[in-house]
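S.K.: Let me begin by handing over the structure; questions about it come next.
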Ligand SMILES: [Zn+2]
């Protein structure tokens with residue numbers, strides 16, 4: 001065993017007691033090189049949480065209050081709606097962070113798709129629809145809310161247009 005100073009992904013250094021076996025040592029060092037130090041990790045998590053909160057605040061502004069005689073049912077449906085929108089936002093956030101964008105055009109298209117999908121969720125104002133989708137996977141809800149377009153005599157119609 002020997003104490004070795006390893007430079008982490010964030011540039012900070014960490015003193016680690018490493019075994020003598022060269023293979024194991026190399027694997028441990030490689031693992032550390034891909035990590036952030038605890039302080040940088042905390043900062044990164046905090047920044048992600050703050051960004052998430054900002055996104056959810058702006059999504060909430062797109063969602064009109066649900067209407068039903070029973071306030072308990074409204075509360076329940078709004079909780080489901082919030083959780084589904086949060087999951088939807090996580091999905092898009094993960095996609096954009098894992099894959100990145102090869103061009104501004106690609107980013108623009110992605111954001112357009114993201115915003116349109118979120119808007120469709122927010123536009124769904126049927127309390128029962130939300131209650132019925134409590135356990136539905138988000139992917140199937142996206143599919144269900146997709147506008148079906150069809151063309152009649154050169155004019156485009158959206159099935160979900162109200
Ligand atoms: Zn660090």
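S.K.: Are any residues in segment 39-63 within 16 Å of the ligand (Cβ to nearest atom) and exposed (fewer than 11 other Cβ atoms within 10 Å of the Cβ), and if so, which ones?
M.R.: 39, 46, 47
S.K.: Still on this structure, please answer the following. What pairs come out if I take residues in segment 31-43 that are under 11 Å from residue 9 (Cα atoms) and at pLDDT 95 or above and pair them with residues that are assigned to a helix (DSSP H, G or I) and more than 6 Å from the ligand (Cβ to nearest atom) whose C-beta lies under 7 Å away, six or more apart or interchain?
M.R.: From segment 31-43, the pairs are 36/44.
S.K.: Tell me which helices (runs of 4 or more DSSP H) are completely within segment 62-147 and hold 2 or more residues being within 23 Å of residue 50 (Cβ to Cβ), or say none if there are none.
M.R.: Correct list: 71-99, 104-123.
S.K.: Counting just the residues of segment 9-24 that are within 16 Å of the ligand (Cβ to nearest atom) and part of a loop (DSSP other than H, G, I, E, B), which one comes out nearest to residue 35 (Cα to Cα)?
M.R.: 9
S.K.: I'd like to verify a number: residues in segment 25-34 that are within 14 Å of the ligand (Cβ to nearest atom) and touching a strand residue (DSSP E or B) at 6+ places or on another chain (Cβ under 9 Å), how many?
M.R.: Looking only at that region, the number is 2.
S.K.: Criterion first (free of Cβ contacts under 8 Å to residues at least 24 places away in the same chain, over 30 Å from residue 115 (Cβ atoms), surrounded by 13 or more Cβ atoms within 10 Å (Cβ to Cβ) and touching a strand residue (DSSP E or B) at 6+ places or on another chain (Cβ under 9 Å)) does residue 8 satisfy it?
M.R.: No; evaluated as a whole, the condition is false for this residue.
The values are calculated or read from the model by the stated rules, or taken from the named source; none is laboratory data. A quick note: this is a predicted structure, and the numbers were derived from the prediction, not measured. Note that we place each Cβ from the backbone using ideal geometry, even for glycine, and neighbour counts take in every protein chain shown.
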